[in-house]
Amino acid sequence: MRPYDFTRPRSVGAALGDAHEGSAFLAGGTTLVDLMKLELMTPSRVVDINRLPLRGITVDRGGLHVGALERMSDVADHQDVRSRYPMISQALELSASPQIRNMASMGGNLLQRTRCGYFRDLTTACNKREPGSGCAALTGHSRMHAVLGTSDACVATHPSDVAVALVALDARVHLESLREKRTVALADFYRLPGHTPQVENELRAGELLTGLTVPPLPWASRSAYLKIRDRRSYEFALASVAVALDLDLDRGTIRDARVAAGGVGTRPWRLEAVERALVGRPAALATYEAAAAPAGEDARTLPHNMFKPALLRRTLVRALVALGGRS
Ligand code: SF4
């Protein structure tokens, strides 16, 4: 690990003042410290933000508000999150081991770097690590890689589970710099790789993610996160879906729906066409299968991940059956 300065401010203003080009904010450290050990990230200064007043999980008329320093396990366990937005709790609990969930912050989860193995292997080409060097995944082992939103420069999946649920729920993230405070829809926060896969999101130099807000959605109490992976714990998604259904139980129809996918896209992937195909239709298996049919049809697959579009559709139907019933 390279030498670095270390500061531990007590206010957001002081933390922003301590930050400079080449510095990094430290929260739970579950990504940053790993990458510093590998010398993949070499900040000249580490600004420990754990003393900042960026905690709190509250629900009011504006929705659910979560401070960036809240730990994943605390958010997952929170009674209001579990009852009002179960897909958030489920996505968090399926994300990582309990030890990591106890350490990792919500802000850090949303900003975590890719889990593409080539990114962390300094002996291979990776445009995200070293722009212009190439992408070893295109000709290498691609089972875990994306099939939606990819480019010739990068095919890495976005690793966050909870970001998938948050995109389905139209969550917004709050960002602060010395110059301004701004709020960005999480769906717009993440960038497609294009020709610049090293630029993963809209966060500007020296800017701090201070929290997130999920707008009110009363029917999100009927929601679920379903994650398909190679083993039952501590593994990233091959495909996942976050689904919420607003059911008219008297008529047996779907009034509204939210659907997003993970494990298949270079960023959390909202499936708006699927949502439209569900609304107004009977809550029945035939509806779910018809709605899921176009999901992933524009996928660009690689030799080892050709199964992903079909897996996405099956995962989606399974989640819809679990929430809405078969007929
Ligand atoms: Fe690097 Fe992206 Fe290619 Fe992985 S998929 S090797 S992160 S450029």
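Laboratory data are not the source of any read-out in this text; all were calculated from the coordinates shown. Everything quoted here is computed from the prediction, not taken from an experiment. A quick note on method: Cβ atoms are made from the backbone with ideal geometry, for glycine too, and the neighbour counts reach across all protein chains shown.
Can you name the residue in region 104-157 that is touching a Pro at 6+ places or on another chain (Cβ under 7 Å) and away from the ligand (no atom under 11 Å from the Cβ) and is also nearest to residue 89 (Cα to Cα) among such residues? Looking at the filtered set, the residue picked out is 112.
Looking across 255, 300, 270, 276, one residue alone is in contact with a Ser or Thr (Cβ under 8 Å, 6 or more places away or on another chain) and of a type in the set (D, E, K, R). It is 300. Among the residues of region 313-327, is there at least one that is assigned to a strand (DSSP E or B), of a type outside the set (A, V, I, L, M, F, W, C), touching a residue at least 40 places away in the same chain (Cβ under 8 Å) and under 19 Å from residue 218 (Cα atoms)? Checked region 313-327: no residue is assigned to a strand (DSSP E or B), of a type outside the set (A, V, I, L, M, F, W, C), touching a residue at least 40 places away in the same chain (Cβ under 8 Å) and under 19 Å from residue 218 (Cα atoms).
Quick grid of which residues meet (1) touching a Leu at 6+ places or on another chain (Cβ under 9 Å); (2) surrounded by 18 or more Cβ atoms within 10 Å (Cβ to Cβ):
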| site | (1), (2) |
| --- | --- |
| 36 | no, yes |
| 39 | yes, no |
| 44 | no, no |
| 82 | no, no |
| 85 | yes, yes |
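Note on region 176-234: enclosed strands (runs of 3 or more DSSP E) holding 2 or more residues that are away from the ligand (no atom under 16 Å from the Cβ) and surrounded by fewer than 16 Cβ atoms within 10 Å (Cβ to Cβ) are 181-185. When residue 156 is tested against the conditions (1) of a type outside the set (Val, Ile, Thr); (2) touching a Cys at 6+ places or on another chain (Cβ under 7 Å); (3) under 22 Å from residue 72 (Cβ atoms); (4) in a helix (DSSP H, G or I), the lone failure is (4).
Of 83, 89, all but one fail to be without any contact (Cβ under 8 Å) to a residue 40 or more places away in the chain and more than 8 Å from the ligand (Cβ to nearest atom); the exception is 89. Does residue 164 qualify as being away from the ligand (no atom under 16 Å from the Cβ), buried (at least 19 other Cβ atoms within 10 Å of the Cβ) and under 17 Å from residue 238 (Cβ atoms)? Yes; evaluated as a whole, the condition is true for this residue. Residues that are of a type in the set (Val, Ile, Thr), assigned to a loop (DSSP other than H, G, I, E, B) and within 21 Å of residue 29 (Cα to Cα): does region 137-153 have at least one? Scanning region 137-153 turns up no residue that is of a type in the set (Val, Ile, Thr), assigned to a loop (DSSP other than H, G, I, E, B) and within 21 Å of residue 29 (Cα to Cα).
Matching residues to (1) surrounded by fewer than 21 Cβ atoms within 10 Å (Cβ to Cβ); (2) within 18 Å of the chain's Cα centre (by Cα):
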{"residue": "90", "(1), (2)": "no, yes"}
{"residue": "96", "(1), (2)": "no, yes"}
{"residue": "99", "(1), (2)": "yes, no"}
{"residue": "103", "(1), (2)": "yes, yes"}
{"residue": "106", "(1), (2)": "no, yes"}
{"residue": "113", "(1), (2)": "yes, yes"}
{"residue": "116", "(1), (2)": "no, yes"}
{"residue": "120", "(1), (2)": "yes, no"}
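Hey, does region 292-307 have a residue that's in contact with a helix residue (DSSP H, G or I) (Cβ under 6 Å, 6 or more places away or on another chain), in a helix (DSSP H, G or I) and without any contact (Cβ under 8 Å) to a residue 60 or more places away in the chain? Scanning region 292-307 turns up at least one residue that is in contact with a helix residue (DSSP H, G or I) (Cβ under 6 Å, 6 or more places away or on another chain), in a helix (DSSP H, G or I) and without any contact (Cβ under 8 Å) to a residue 60 or more places away in the chain. Number of residues in region 235-265 that are free of Cβ contacts under 8 Å to residues at least 60 places away in the same chain and buried (at least 21 other Cβ atoms within 10 Å of the Cβ): the value is 1.
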